[in-house]
1. Go over the candidates Arg80, Arg114 one by one and state the one that is basic (Lys, Arg) and modelled with pLDDT of 50 or more.
2. Of all residues being surrounded by fewer than 18 Cβ atoms within 10 Å (Cβ to Cβ) and not acidic (Asp, Glu) in region 283-300, which is nearest to the chain's Cα centre (by Cα)? Just the residue, please.
3. Is it the case, given these coordinates, that Leu280 is more than 23 Å from Ser180 (Cα to Cα), crowded, with 17+ Cβ neighbours inside 10 Å, in contact (Cβ under 8 Å) with a residue 12 or more places away in the chain and among the aliphatic types (A, V, I, L, M)?
4. Would you check which residues across region 221-241 are under 30 Å from Phe195 (Cβ atoms) and surrounded by fewer than 15 Cβ atoms within 10 Å (Cβ to Cβ) and list them?
5. If we only count strands (runs of 3 or more DSSP E) wholly inside region 258-351, which ones have 2 or more residues that are closer than 23 Å to Asn248 by Cα and either touching a Phe, Trp or Tyr at 6+ places or on another chain (Cβ under 8 Å) or at pLDDT below 95 (or both)?
6. Specify the residue that is modelled with the lowest pLDDT; the eligible residues are those in region 189-238 that are over 12 Å from Ser258 (Cα atoms) and among the β-branched types (Val, Ile, Thr).
Amino acid sequence: MNPSDTILGTYQAINLNVELITESQLVSRISRKNVCFVMFVDDITLQTLSSEGHMLDRMSYIGIWRIVVVKNLPYTDMRRVGKIPKLLAHRLFHNARSDQHHTLLSSSSPSVARFSVSPKNPPQPHPPLLQYHVDNLDELGSHVITPLPNKQAPCLQGGNLGSAAEYWCNCGGYSIWLDSKLRLQLDPLLVLEYFLWRKGHEYAISNHYDRHCVWEEVAQNKKLNKYNHTIIDQQFAFYQADGLTRFNPFDSQKLLPSNVPEGSFIVREHTPMSNLFSCLWFNEVERFTPRDQLSFAYTYHKLRRINPTTPFYFTMFKDCERRKIAKLFRHRSEESRRYMLIGQEAEAEAE
């Protein structure tokens, strides 16, 4: 599957922390034909993958993953670099529609991407979406999808996703983001059905498994030395001055069920409002810290404040749902990464 032929991308960005290339065993033939699985890596990671036997084929694939080697990185902090494909997929693949082609902002090499940003269209109201119904999450594994009553939609059963793909290809662009530590446990089309199509959402992300208030997240980031404390304090003070308040789970007027997300798994339809939210979120990551949990709630509240009448079909789901669909693989240890780097440097000197 070439990136120019699809409107759904499943994206990962990996570095030496990743233990292995993870590939779902539950991807249907329809999804293999219509979904582009894109993995962003740097040169060092590509060398590491090759040394472990993961070799690119002539089309720059490893298994189902199209490998994109990033060049001319705009930041020295790889945590911030990783937020580019995570939050700006609509900029990297900005023409993703069924009647158009993906345009990867790249050099002449099909497997080399240069990260950049292009102008943004103003947000428009989100059109109605087809809604499907699945009785429970366990049924998704058997590829059973049935449309809601009185909807012009195909009835899909027994693993035949062809009609779903045909409808999906006439809707618009979608993407699924997976951190490198996760393996998708469900066919991508069924992920769209469960998180977006069933209730007409355009952006879905899980809440954090433990923390729900930015105050708690700030304290935890400083406790674990996740980033420079002074910059975290500056970011936090700015958000409070601009109206961010403590999360109150009993507030009937709260805009979000949690102010802290678990951002390792994101499902999106690339509508104007969805793209605008991602752009604003990335702006905060660039302005302050790459710890996107700190800026999530502020970004969402700011978006709703400046667009009070424009619908944004946003949902946060429980972390247990994320863990049901995306299996966690542990990162490499620091010692393991150090030995790999030493080995690569020795090979380079020998050459």
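The values are calculated or read from the model by the stated rules, or taken from the named source; none is laboratory data. Only a predicted model underlies this, so the values are computations on that prediction, with no experimental measurement involved. Glycine gets a Cβ as well: all are built from the backbone with ideal geometry, and neighbour counts include every protein chain shown.
1. Values: Arg114 fails: modelled with pLDDT of 50 or more.
Residue meeting the stated conditions: Arg80.
2. Going residue by residue through region 283-300, those that are surrounded by fewer than 18 Cβ atoms within 10 Å (Cβ to Cβ) are 283, 286-287.
Restricting the remaining residues to those that are not acidic (Asp, Glu) gives 283, 287.
Numbers: Asn283: 16, Arg287: 20 Å.
Across region 283-300, the extreme among qualifying residues is Asn283.
3. Working: more than 23 Å from Ser180 (Cα to Cα): yes; crowded, with 17+ Cβ neighbours inside 10 Å: yes; in contact (Cβ under 8 Å) with a residue 12 or more places away in the chain: yes; among the aliphatic types (A, V, I, L, M): yes.
Spelling it out, Leu280 is indeed more than 23 Å from Ser180 (Cα to Cα), crowded, with 17+ Cβ neighbours inside 10 Å, in contact (Cβ under 8 Å) with a residue 12 or more places away in the chain and among the aliphatic types (A, V, I, L, M).
4. Leu224 - this is the single residue of region 221-241 that is under 30 Å from Phe195 (Cβ atoms) and surrounded by fewer than 15 Cβ atoms within 10 Å (Cβ to Cβ).
5. Values: elements: 261-269, 314-317, 326-328.
Result: 261-269, 314-317.
6. Across region 189-238, the extreme among qualifying residues is Val191.
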